[in-house]
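The values are calculated or read from the model by the stated rules, or taken from the named source; none is laboratory data. All figures in this text were calculated on a predicted structure; none of them were measured in a lab. Backbone-built Cβ (ideal geometry, glycine too); neighbour counts: all protein chains shown.
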Amino acid sequence: MKPKAFYHWESGHATPDIFKLKTLARLYGMTLDEVVTGESDWPLAGVSLAKIQRLDQADKVRLETAILLAAATIQLDVVNMQSKQASL
């Protein structure tokens, strides 16, 4: 996935393709529900800067992707809430 795609998700100009989310879920060993809701036992919380600095490049890319995906998911939730409030 390209960083531009994440930007479009975060800015609300686009939504993630379900098949890309499915692929990311498979890549990280998560269910699609965990990816969409952000509820997972994946141990990102508690990762220290020292641990991140010791990661190899591939793991750093995976971590960055997970963080961007989480940010995009949060943004989508915000956009959905704003849409619901506007329709009231």
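Of all residues in the range 17-29, those that are closer than 18 Å to GLU39 by Cβ have Cβ atoms under 8 Å from Cβ atoms of residues that are in a helix (DSSP H, G or I) and of a type in the set (Val, Ile, Thr), 6 or more apart or on another chain, in LEU21/VAL35; LEU21/VAL36; LEU24/VAL35; LEU24/THR65; ALA25/VAL35; TYR28/VAL35. For the range 13-33, the set of residues classified as in a loop (DSSP other than H, G, I, E, B), among the small types (Gly, Ala, Ser) and in contact with a helix residue (DSSP H, G or I) (Cβ under 7 Å, 6 or more places away or on another chain) consists of ALA14 only. Scanning the range 24-70 for residues that are of a type in the set (S, T, N, Q), modelled with pLDDT of 75 or more and surrounded by 12 or more Cβ atoms within 10 Å (Cβ to Cβ) returns THR31, THR65.
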